[in-house]
């Protein structure tokens, strides 16, 4: 599989995303924000960082980058797109995902490990995650509080678009396990077509035991499994 990882000015997790994909035995290349093509991408990762210095709002300037037009077309054609942390913010600003990410409830930057409850395996990003397994994955953000109006939240619930919630080590969704005040403990969502997803935690930083967790692999392995299944079906 070929992963294209976007690179904006001040991205700081792009190399981590490339490393994670290669660690799993697949190819990955960086795509500069001024490029207008994603090349032969099978999947796109919009990485974390502080694109354009987070001026105006997180992701607000990155959405206008030339490469984002290619990402939108790729998504419209059914391609898999995963936004991580700042990448999640970029995708909401670009209208590829519903809702918004605002300042953390306590107005503090949080850098710590959290646990995620996977609400559904019915997506290309969660299909290989064992049922009832809390994922231990780090966060590093100051504007990770997920917000949406009640109508949007109702649609997300009705369409099974909430992929992950913050939880404790036992998989219980509690107020204490919510690091940023996100509505409904929401940590990640997908679009209605289920081919675009975003989450605030960093799975690319949880792919090696040396880093304290390998749970992030399950998200990338889910994407790879879906892509390989599509290739097999296409060849049949």
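The values are calculated or read from the model by the stated rules, or taken from the named source; none is laboratory data. If you're wondering where the values come from, they're calculated on a predicted model, not measured in any experiment. Positions of Cβ are backbone-derived with ideal geometry, glycine not excepted, and every protein chain shown enters the neighbour counts.
Of everything in the stretch 111-130, what is farther than 20 Å from residue 90 by Cβ, part of a loop (DSSP other than H, G, I, E, B) and in contact with a strand residue (DSSP E or B) (Cβ under 8 Å, 6 or more places away or on another chain)? Give them in sequence order.
The answer is 119, 120, 126, 129.
Condition check: over 21 Å from residue 102 (Cβ atoms), out of contact with any strand residue (DSSP E or B) (no Cβ under 7 Å at 6 or more places or on another chain), in contact (Cβ under 8 Å) with a residue 24 or more places away in the chain and in a helix (DSSP H, G or I). Does residue 75 satisfy that? Outline the logic, then answer.
Numbers: over 21 Å from residue 102 (Cβ atoms): yes; out of contact with any strand residue (DSSP E or B) (no Cβ under 7 Å at 6 or more places or on another chain): no; in contact (Cβ under 8 Å) with a residue 24 or more places away in the chain: yes; in a helix (DSSP H, G or I): yes.
Judged against the criteria, residue 75 is not a match.
Say we look at the stretch 132-149 and pick out the residues that are in a loop (DSSP other than H, G, I, E, B) and touching a residue at least 12 places away in the same chain (Cβ under 8 Å); which of these is surrounded by the most Cβ atoms within 10 Å (Cβ to Cβ)? Walk me through how you get there before you give the answer.
Within the stretch 132-149, the subset in a loop (DSSP other than H, G, I, E, B) is 132-134, 142-144, 148-149.
Add one more test, that the residue is touching a residue at least 12 places away in the same chain (Cβ under 8 Å), and what stays is 132-134, 142-144, 148.
Working: 132: 9, 133: 14, 134: 19, 142: 16, 143: 20, 144: 28, 148: 19.
Within the stretch 132-149, the match that is surrounded by the most Cβ atoms within 10 Å (Cβ to Cβ) is 144.
Determine whether the stretch 82-101 contains at least one residue that is within 19 Å of residue 215 (Cα to Cα), in contact with a strand residue (DSSP E or B) (Cβ under 6 Å, 6 or more places away or on another chain), assigned to a loop (DSSP other than H, G, I, E, B) and at pLDDT 95 or above.
yes
Yes or no, residue by residue, for (1) modelled with pLDDT under 95; (2) over 16 Å from residue 89 (Cβ atoms); (3) not in a strand (DSSP E or B):
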site	(1), (2), (3)
151	no, yes, yes
163	no, yes, no
178	no, yes, yes
198	no, no, no
210	yes, yes, yes
218	no, yes, yes
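With respect to residue 46, determine if the residue is crowded, with 19+ Cβ neighbours inside 10 Å, within 18 Å of residue 221 (Cα to Cα) and at pLDDT 95 or above.
Values: crowded, with 19+ Cβ neighbours inside 10 Å: yes; within 18 Å of residue 221 (Cα to Cα): yes; at pLDDT 95 or above: yes.
It is true that residue 46 is crowded, with 19+ Cβ neighbours inside 10 Å, within 18 Å of residue 221 (Cα to Cα) and at pLDDT 95 or above.
Can you tell me how many residues within the stretch 55-69 are in a helix (DSSP H, G or I) and either over 15 Å from residue 10 (Cα atoms) or out of contact with any strand residue (DSSP E or B) (no Cβ under 9 Å at 6 or more places or on another chain) (or both)?
So the count comes out to 6.
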